[in-house]
Structure formats: structure tokens, C-alpha cells
Amino acid sequence: MVVPLMNLHIKSLGASHTVAGIIGSLYGIMQLFTSTFVGCWSDIVGRRYSLLACILLSALGYFLLGNSTTVFLFAISRVPVGIFKHTLSISKALLSDLVSERDRPLVMGRFNAASSVGFILGPVVGGYLAEFKGGFYQTSFICASIFLLNGGLVWMLPWSEENTSNRNHYQDKETNSFSAKSNHEHHVKSATSRAVTNSSFFQSPWIQVATVLKKIKGIACSNLWDVFLVRFLMSVTILLYYSNFTLALEERFGVKPLFSGYLLSYSSALGVLAGCLLGPITRLYGHNTYRLLLHSSTFTCTLILLYASAPSIWMVILSSTFLAFSTTIGRTCIIDLELTVGGNEASGTLLGVGQSVTSVGRIIAPLLSGIAQEFSPCGPPSLAVGLALVAIVIMNTNKQKYCSHGSVKLKNQ
């Protein structure tokens, strides 16, 4: 709701284009450096407390934004949002805790579809409110109110710490016939871990920081570099595709920006549909996330190549149609692969690192796009094809590792 209106508002406060750009980059930089720490923090103190803290502090940021009558106040309002607006990542980690690995891609797909609906409707509502006097301030207060409402829902939900261990218990129950002794040991361990999680929130901040750094070091020293590299390459690939989409269509086919906007909205709507169809698709692939990711990445690479060499606007529409499906499936599969290879016990940390990797891509992609556009309007998508090919080669090179994790996953189901 607010993001499309920010540039107009900060310029109305008297900021120059350079200052507006610096403040705009402030949010992305803070997200880059805090997503891993907040995700890891949620592993330590529990999803409920971390999610509630992030929601309330994000609400504070939007409340300050609604009172930003100067450039300085506008910049200050972006700080709590930039640091703590990781509600989507923590929510995904919570879903990962609650569902079985078999159902995880389906649930994540539906969650992403619901998020996409918000991204489609938000700019429409914000644009409508902006037509009124003081519309930006009203929109900011509405956003703050929505966050407070979400915080109330999180607080009122019937949280049971047993739920966070339901997924592991469900898998163990399916694969093993526990004796009375092993069942007793399982419940003792679950109770102990719940006690540790509940007490962690009240630990000294220094102890929490030390634990966060220890967990991050463990991820950094793990064998997940190839998974995160694939995520980085495919993120930059998609960002390059969209980086000059409107300008390229205007230069290549004489299409007006309004048509490009409709085409992007059409793609977003198809992305929602793709998220809802992930269940049947994963069943078709026998819940083999690696194979589905490989095929969707290959399809994405082919479609971007088709777009870069499209002789007519109809070919662009065709590629955009199928690209909405392949990118939605790919985003969900890479998250599932991270959690499968890295282990679900550190899901918040893994999702936080993945978000940081994507943030690096958001910083690098505009630079690469600008350089590529110096040669041709088709330069950015052509470069995107090359990066996607590198990601596909990496996945094929490490096929044995992914398949071994996939076989373990299937056995646990």
C-alpha cells in the first residue's frame, strides 16, 4: 500500500533525487544485514515472541511514517521497518515447524499465493487513498493498524508449544514403531526443548547474541554454499528480467507503460494460481523437490531466452504467462531444498540467510542491468539466461547430494 507512494511523498517533503535514493536504499541495506540475525533469533526465543516483536516494531515504523512531516522523520521511520520487518520469513519458518516435509511445498505455495494477493491489492488501495488530501498519511496509519491487528491475532491464537514438534513426531510415528521407552524419551526431550525455548526469551541479550552468532557460524561452515548460490543466481536472473521490462517493451515494440503494467499484473495473478497448484505438481514429481527445481529453473531459462528473442508482443505475452508459473514454483522449491538439506531445526536461520542472499541480488541486479542495457534493450534478459544456465550446471554437478537428501526425505514420509 505504501511503497509505491514513498517516492512521491519524500519529494513533496523537499528531498532531492539523490537523498530520496539514499533513503530508499537504507531499507534494503538494513534488510540485508538483519534478516539472518532475526531469523536465527526466532530459532532461539521461539516463533511466537519473535513474530510478535517484529509485527509490533514494524507497526511503530509505519506509525512514525504517518507522522513524517520532514525528511529526517521519514528516514527515522524506515529504521524499525528495515530492521524488524521479517514477518514473512518467520511465518514461513513457523509453517515449516508445523507441517510435515511432504506437505511443506504445498503449504509454502499457498502461503506465497496469499502474500501475492496482498501485493496485487495493496498498490490499488494505496493509489486510491492517495487521491485524497493527506492520503499518504492515512495509508501509513492503515498499514500500522493492520500490523497491530496481526499482532493481536498472533497473541490470541491458541499457541501450543507441542505444535512446533508435531511435524517431527508425525514423521517419526509414520516411519517407526516406537516402544514405550522410546516414546517416553521423545516426550522428555520435547518438554526439555520447549522449556529451553520459553526461557531463551528471558535470557540476557548478550547470551542471545552469542547464541545467534554461533548458529550463523554453523550455517556459514556448512555444505549449503551451492544451494544459496543457486538461490542467488536465480534471484538475479528474475530481477534482471523485470529490471527494464517496461522500457524494453516500449523500445522494442512501441508498447505503452500502461500495457506493461497490465501485463505485470496479469503475471502476478497467474503466480497466485501457480501457488495454489503446487500440491498436484509436487505429487506429480513424487515430492522430489530437487527435480522440480531443476526443471522449473530450466523452463525459466528457456522462457527468458524466448522473451529476449521475441519477434512480436504476442511471444512476450506467451513467455510471461508460463514464466509466472515457473518462477513461483522455483521460489517455493529453493526454500524447501534449503530446509531439507540444512535441517529444519534451524529453519529461521536458513530462511534468514536465504533472504540476505536475495537482498544481495537486489543490490547487484540494477548495476548489472544498467551495464547490459548499454549494449541492447535485450541485454539484461540475455545476461539472465547466462546466469540461469550457471545455476542449472551447479544443480546438475551436485545432483548426488540433492538426491541423497531427497531419498531420506521420501523415507521419512
Can you tell me which residue in segment 292-307 is farthest from ALA391 (Cα to Cα), limited to those that are open to solvent by 40 Å² or more (accessible area, probe 1.4 Å) and touching a residue at least 40 places away in the same chain (Cβ under 8 Å)?
LEU305
With the checklist (1) among the β-branched types (Val, Ile, Thr); (2) open to solvent by less than 40 Å² (accessible area, probe 1.4 Å); (3) without any contact (Cβ under 8 Å) to a residue 60 or more places away in the chain in hand, flag the one item VAL19 doesn't pass.
(2)
PHE375, sole failed condition from (1) surrounded by fewer than 22 Cβ atoms within 10 Å (Cβ to Cβ); (2) under 29 Å from ILE90 (Cβ atoms):
(2)
Subset of segment 293-321 (residues that are small (Gly, Ala, Ser) and either at pLDDT 95 or above or touching a helix residue (DSSP H, G or I) at 6+ places or on another chain (Cβ under 6 Å) (or both))
SER296, SER297, ALA308, ALA310, SER319, SER320
Which listed residue is open to solvent by less than 30 Å² (accessible area, probe 1.4 Å), modelled with pLDDT under 95 and assigned to a helix (DSSP H, G or I), from GLY271, GLY218
GLY271
What about ALA310, is it open to solvent by less than 40 Å² (accessible area, probe 1.4 Å), assigned to a helix (DSSP H, G or I) and not hydroxyl-bearing (Ser, Thr, Tyr)?
no
Which condition does HIS9 not pass, out of (1) in a helix (DSSP H, G or I); (2) within 21 Å of the chain's Cα centre (by Cα); (3) surrounded by 18 or more Cβ atoms within 10 Å (Cβ to Cβ), if it passes all the others?
(2)
Residue within segment 279-286 that is within 18 Å of the chain's Cα centre (by Cα), buried (at least 20 other Cβ atoms within 10 Å of the Cβ) and in contact (Cβ under 8 Å) with a residue 12 or more places away in the chain present:
no
Any residue that is touching a Pro at 6+ places or on another chain (Cβ under 7 Å) and open to solvent by less than 50 Å² (accessible area, probe 1.4 Å) - is there at least one of those in segment 59-82?
yes
Quick check: anything in segment 321-333 open to solvent by less than 10 Å² (accessible area, probe 1.4 Å), part of a helix (DSSP H, G or I) and touching a His at 6+ places or on another chain (Cβ under 8 Å)?
no
Has segment 112-122 got any residue that is over 27 Å from GLY348 (Cβ atoms) and within 17 Å of the chain's Cα centre (by Cα)?
yes
Based on this model, can you work out whether ALA365 counts as under 17 Å from the mean Cα position of the chain (by Cα), surrounded by 20 or more Cβ atoms within 10 Å (Cβ to Cβ) and either of a type in the set (S, T, N, Q) or at pLDDT 90 or above (or both)?
no
Looking only at segment 224-268, count how many residues are open to solvent by 40 Å² or more (accessible area, probe 1.4 Å) and part of a loop (DSSP other than H, G, I, E, B).
2
As an exercise: evaluate ASP43 against (1) within 24 Å of GLY135 (Cα to Cα); (2) surrounded by 17 or more Cβ atoms within 10 Å (Cβ to Cβ); (3) over 15 Å from the mean Cα position of the chain (by Cα); (4) touching a residue at least 40 places away in the same chain (Cβ under 8 Å) and give the number of the one condition it does not meet.
(1)
Residues in segment 80-126 that are acidic (Asp, Glu) and either in contact (Cβ under 8 Å) with a residue 12 or more places away in the chain or touching a strand residue (DSSP E or B) at 6+ places or on another chain (Cβ under 6 Å) (or both) total 2
With the checklist (1) in contact with a Phe, Trp or Tyr (Cβ under 8 Å, 6 or more places away or on another chain); (2) under 30 Å from CYS333 (Cβ atoms) in hand, flag the one item PHE141 doesn't pass.
(2)
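The values are calculated or read from the model by the stated rules, or taken from the named source; none is laboratory data. Predicted model, so just to flag it, every value in this text is computed and none were measured. Reconstructed Cβ throughout: ideal geometry from the backbone, glycine too, with neighbour counts over all protein chains shown. For accessibility, only protein heavy atoms count, side chains too; no ligands or nucleic acids. Shrake-Rupley method; radii C 1.70, N 1.55, O 1.52, S 1.80 Å.
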